[in-house]
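Report on the structure given below.
The values are calculated or read from the model by the stated rules, or taken from the named source; none is laboratory data. All values derive from a computational prediction rather than experimental measurement. Glycine also receives a Cβ, built like all others from the backbone with ideal geometry; neighbour counts cover every protein chain displayed.
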């Protein structure tokens, strides 16, 4: 099957799911422009997922993608939690926050039976996963509802693993990509691969279509990804200034500034490496802290710092997720951006204008 | 001026200078195929440079590039040397090497007046630098002989700096690239940028032509780089199996194996971050060791380990330099590879076949 047949869309352009900064408004806008809009569910309870899926169905009849994290939920280790709170103690003191009062609940929920039950009501055309794939039982439920399955590979080995475990297409996530690295067979960020090197090697290694992600910011980037052998693209960062996205003012300001040139992979916000713009917490505690508890248990301890700092107009403690190429961020409707990106598809076939 | 006017070549395809694995044979083969062959001089004494330049002039009348490192030669710090020898002591013991007998001479020489005097005899069309640019006096000598000057930028800031300091074109060296990072305004490898993100941002930031480097392995990669706005490409790793290159059998075997998928930036061979295939020394001492003396002073201590291991048929202690995309390595003449790469130039303009 070709990627367009798998996705069911006019355009092989996927809007990257971006948990925390978007709900269904972005999904709908991209779908109605002919791309594949995505709904990130990693931070949504089942009731919230259902509400957003109703919203999508009321505004478009186009195919869409529902995205889930599929990490194993870790066990709370009190000594690790305590070490992390101790590392952040100077900031609690600075902001007058009572560390003992911080809730410890998980900030991100892996795909589970409850989520599967919700999406079975809607039977989305596409379901994508991050951090590998869910259990065989859950995978079977997703396949049984007729959904096509995508997941991200950050190495050739991960791409081969995903193909063997039944994905319909592989997202080759180059190291330039913003947000969480999808890595699941390695935790060594030193061996993560750039889009330019990853895409052609994944294309050679698997038979399923390959979607390029990481550093693609405009039509030229789309043309380049297609030239490398990709069947489509997934773009996230470029959408972050669109009116349909709930990016905070601090995050928007950072994306527009020269500081967006300096992103790093950091684990200080969640416990897993995720690419964002360097800010105070990253600089002083990270970018990679050995004290951060296992994903996603690092997040609750940072939440009150973020809230307090943002209430003062500061992004010093916010995850300013961004890929390495924020140069495509523009304050235009997401549908317009989708159609502009899609111009690059023809350039790869016919030459650039 | 366009890049082709600057380089004086038929093709805007530069063979990356690769000190330690090539002399003039590769340079000549690439030049005679219409590309810009490069002679790396970082590990050559003036007499050796002269000999190689005579060899080039006797075999081609095409333009060529002479490449130099331009780091500041560091001061020997006996306590750092001792700490580095101590870190490597278990290996000296394993191989029966007398650490006290290891010479401490510099392994790489920066561009200096002696080197300038040699190239003034030959007036190369192009001189490229790595690690920034030499002193204003030396730059003036290079410009006075009519040579065009290139240097590598690993960030947008470095590209802007290079343009301000007089380069004729900027090489945008993405993090995928093999060998030494050209970084000179930062030593933070965490903020190094992939080719896909770096090239378009550098193209927007400077007026001089931009040459893409890092992860380009074949004609598709060349087409992709051109789609991103590059005016030309610099390719290194893909040449490493060519008969004109003196790549060791261990290095060739590593490039052909699946281990070539796992490269890292490591400072254990020279003291500066350089991308190569993971081997025993990198795994056990690196990839980044705080004990490695300042570049290039880490190198002499590793040299006898490399020599002993290679005499036993092992690449465990050899710098197996490679970019993140070794999939283009083929045992074909360098001229043929150059012409194959050049096919991608037309694909970017007219569409891929």
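What to note about this one:
- Residue list for region A:286-324, filter: part of a helix (DSSP H, G or I) and over 19 Å from residue A:71 (Cα atoms): A:301, A:302, A:303, A:304, A:305, A:306, A:307, A:308, A:309, A:310, A:311
- For residue A:214, the conditions (1) at negative phi; (2) under 16 Å from the mean Cα position of the chain (by Cα); (3) within 9 Å of chain B (Cβ to nearest Cβ) are fulfilled apart from (1).
- Qualifying residue in region B:85-107 (condition: surrounded by fewer than 22 Cβ atoms within 10 Å (Cβ to Cβ) and closer than 30 Å to residue B:201 by Cβ): no
- The residues of region A:151-168 that are farther than 25 Å from residue A:113 by Cα and touching a residue at least 40 places away in the same chain (Cβ under 8 Å), listed by number, are A:154, A:155, A:156, A:159, A:160.
- Count of region A:256-266 residues which are within 20 Å of residue A:310 (Cα to Cα) and without any contact (Cβ under 8 Å) to a residue 40 or more places away in the chain: 3
- Hits in region A:244-279 (condition: modelled with pLDDT under 95 and under 12 Å from residue A:319 (Cβ atoms)): none
- Qualifying residues in region B:280-292 (those that are crowded, with 24+ Cβ neighbours inside 10 Å and under 20 Å from residue A:191 (Cα atoms)) - the one farthest from the other protein chains (Cβ to nearest Cβ): B:281
- Boolean, residue A:171 is under 11 Å from residue A:208 (Cβ atoms) and either in contact (Cβ under 8 Å) with a residue 60 or more places away in the chain or crowded, with 24+ Cβ neighbours inside 10 Å (or both): yes
- Residue that is within 14 Å of chain A (Cβ to nearest Cβ), at pLDDT 95 or above and in contact with a helix residue (DSSP H, G or I) (Cβ under 7 Å, 6 or more places away or on another chain), where the choices are B:198, B:185, B:241, B:138: B:185
- Inspection of region B:219-233 identifies at least one residue that is more than 10 Å from chain A (Cβ to nearest Cβ), outside any loop (DSSP other than H, G, I, E, B) and within 18 Å of residue B:193 (Cα to Cα).
- Residue tally, condition touching a residue at least 24 places away in the same chain (Cβ under 8 Å) and out of contact with any helix residue (DSSP H, G or I) (no Cβ under 9 Å at 6 or more places or on another chain), over region B:301-329: 1
Rundown of residues vs (1) in the same structural domain as residue B:185 (by TED's automatic domain parsing); (2) more than 24 Å from residue B:208 (Cα to Cα), yes/no style:
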| site | (1), (2) |
| --- | --- |
| B:59 | yes, yes |
| B:63 | yes, no |
| B:88 | no, yes |
| B:91 | no, yes |
| B:94 | no, yes |
| B:112 | yes, yes |
| B:122 | yes, yes |
| B:146 | yes, no |
| B:151 | yes, no |
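- Taken as a whole, region B:134-146 holds at least one residue that is within 18 Å of the chain's Cα centre (by Cα) and farther than 15 Å from residue B:49 by Cα.
- Residue within region B:330-343 that is out of contact with any helix residue (DSSP H, G or I) (no Cβ under 6 Å at 6 or more places or on another chain), modelled with pLDDT of 95 or more, part of a helix (DSSP H, G or I) and within 11 Å of another protein chain (Cβ to nearest Cβ) present: no
- Residues in region A:123-150 that are under 15 Å from residue A:16 (Cα atoms) and free of Cβ contacts under 8 Å to residues at least 60 places away in the same chain: 1 in all.
- The residue that is nearest to the other protein chains (Cβ to nearest Cβ), counting only those in region B:255-279 that are touching a helix residue (DSSP H, G or I) at 6+ places or on another chain (Cβ under 6 Å) and part of a helix (DSSP H, G or I), is B:261.
- The residues on offer are B:169, B:190, B:212, and the sole one that is within 24 Å of residue A:174 (Cα to Cα) and in contact with a helix residue (DSSP H, G or I) (Cβ under 8 Å, 6 or more places away or on another chain) is B:212.
- Options B:205, B:190; residue that is free of Cβ contacts under 8 Å to residues at least 12 places away in the same chain, surrounded by fewer than 24 Cβ atoms within 10 Å (Cβ to Cβ), farther than 19 Å from residue B:14 by Cα and within 14 Å of chain A (Cβ to nearest Cβ): B:190
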